[in-house]
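Data block below; observations after.
The values are calculated or read from the model by the stated rules, or taken from the named source; none is laboratory data. As the structure is a computational prediction, the values presented were derived from the model and not from experiment. Cβ: placed from backbone, ideal geometry, glycine included. Neighbour counts: every protein chain shown.
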Amino acid sequence: MSHPENFAKGLSIGIIMDGNGRWAKQRGLARTAGHKRGAEVFQDITRYCNELGVESVFFYAFSTENWRRPAEEVSTIMRLFGDYLLKAFDYEKENNRVVFLGDRTALEPRYQELMDEIETRTAHNTGMTLNVAVNYGGRPEIVRAAQLLAKKVADGQLRPEEIDEAAMADMMYTCGQKDPDFILRPSGEKRLSNFMLWQAAYSELVEMDVLWPDFTRHDLDLAIEEFNRRSRRFGGI
Ligand code: IPE
Ligand code: IPE
Ligand code: MG
């Protein structure tokens with residue numbers, strides 16, 4: 001498809017990778033087969049975002065609520081995430097800065113170490129920021145920010161009246177990054193499911209009927225075109 005060369009340049013995009021289970025069910029496969037295919041799509045869409053000159057992308061991989069799933073499904077998702085971590089060093093070639101959002105202390109220690117190492121090694125990369133949200137919830141993120149600020153107040157480093165939006169934003173996992181311009185949810189669901197509640201204040205929501213394992217580069221083009229047609233007013237006229 002042809003589109004203007006800069007149609008995605010500088011954008012910040014949130015992606016709720018949803019529909020893996022339904023994709024597998026449609027094919028008579030185990031849900032885990034959907035997660036496996038979904039992980040491949042994640043890698044391809046990351047590469048495509050790089051090619052398009054996207055500034056930052058936020059992938060929702062595992063929510064704080066997803067622990068409610070059967071243990072076998074959770075362990076498959078974690079294993080796929082672990083495989084991804086081992087391969088993530090490829091992203092050094094892509095010049096991506098990798099940031100993990102969420103409470104990593106609940107993950108296996110070897111994964112936590114890899115996550116720290118990947119973030120450190122890619123911290124000075126100048127290309128797209130690739131955010132992966134794992135054991136992430138928007139409310140827990142806001143609660144954590146409140147606790148961090150309360151601690152500063154208790155330690156005498158901050159006065160309560162100095163707490164403003166910028167101070168809160170600095171305590172989020174996304175500290176220093178632009179809010180998502182739009183949040184894309186495939187699979188037809190129309191909800192945030194606890195994703196980026198603080199950052200999504202003025203994000204455009206784009207939902208698509210395609211299931212994530214079927215999601216293609218062309219679908220991303222369509223989502224960006226949809227976003228580009230929106231009129232953002234930020235409360236103005
Ligand atoms: C998204 O796909 C993956 C995760 C939430 C980890 P789902 O597993 O939620 O797929 P559906 O929504 O059941 O189809
Ligand atoms: C949101 O999808 C979480 C991720 C995609 C990681 P869910 O499938 O968990 O959300 P609900 O349960 O449909 O709201
Ligand atoms: Mg789902």
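Some observations on this one:
- Yes/no for residue 15 being within 16 Å of ligand 2 (Cβ to nearest atom), part of a helix (DSSP H, G or I) and either modelled with pLDDT under 95 or in contact with a strand residue (DSSP E or B) (Cβ under 9 Å, 6 or more places away or on another chain) (or both): no
- Residue list for the stretch 89-102, filter: at pLDDT 90 or above and surrounded by 17 or more Cβ atoms within 10 Å (Cβ to Cβ): 96, 97, 98, 99, 100, 101, 102
- Taking helices (runs of 4 or more DSSP H) as the structural unit, those lying wholly within the stretch 18-95 and holding at least 2 residues that are farther than 23 Å from residue 128 by Cα correspond to 20-26, 31-52, 71-87.
- Residues in the stretch 168-207 that are over 11 Å from residue 15 (Cα atoms), out of contact with any helix residue (DSSP H, G or I) (no Cβ under 7 Å at 6 or more places or on another chain) and acidic (Asp, Glu) were compared, and the one that is nearest to ligand 1 (Cβ to nearest atom) is 189.
- Single condition residue 5 does not satisfy, out of (1) without any contact (Cβ under 8 Å) to a residue 24 or more places away in the chain; (2) within 11 Å of ligand 1 (Cβ to nearest atom): (2)
- Picking from residues in the stretch 18-46 that are charged (D, E, K, R) and more than 7 Å from ligand 1 (Cβ to nearest atom), the one that is farthest from the chain's Cα centre (by Cα) is 27.
- Selection status of residue 52, modelled with pLDDT of 95 or more and either away from ligand 2 (no atom under 16 Å from the Cβ) or touching a Lys or Arg at 6+ places or on another chain (Cβ under 6 Å) (or both): yes
- Of all residue pairs spaced 6 or more apart or on separate chains, none has beta-carbon atoms under 8 Å together with a first member in the stretch 187-202 that is farther than 17 Å from residue 133 by Cα and of a type in the set (Val, Ile, Thr) and a second member that is at pLDDT 95 or above and surrounded by 12 or more Cβ atoms within 10 Å (Cβ to Cβ).
- The set of residues in the stretch 53-75 being of a type in the set (Val, Ile, Thr) and without any contact (Cβ under 8 Å) to a residue 60 or more places away in the chain consists of 74 alone.
- Scanning the stretch 103-140 for residues that are part of a helix (DSSP H, G or I) and among the small types (Gly, Ala, Ser) yields 106, 138.
- Of the residues making up the stretch 66-88, just one is modelled with pLDDT of 95 or more, among the acidic types (Asp, Glu) and more than 9 Å from ligand 1 (Cβ to nearest atom), namely 72.
Conditions tested, residue by residue: (1) of a type in the set (Ser, Thr, Tyr); (2) more than 14 Å from ligand 3 (Cβ to nearest atom); (3) without any contact (Cβ under 8 Å) to a residue 40 or more places away in the chain; (4) closer than 16 Å to residue 95 by Cα.
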{"residue": "16", "(1), (2), (3), (4)": "no, no, no, no"}
{"residue": "29", "(1), (2), (3), (4)": "no, yes, yes, no"}
{"residue": "39", "(1), (2), (3), (4)": "no, yes, no, no"}
{"residue": "51", "(1), (2), (3), (4)": "no, yes, yes, yes"}
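- From the options 114, 107, 80, 86, residue that is within 23 Å of residue 21 (Cβ to Cβ), touching a residue at least 12 places away in the same chain (Cβ under 8 Å) and away from ligand 3 (no atom under 16 Å from the Cβ): 107
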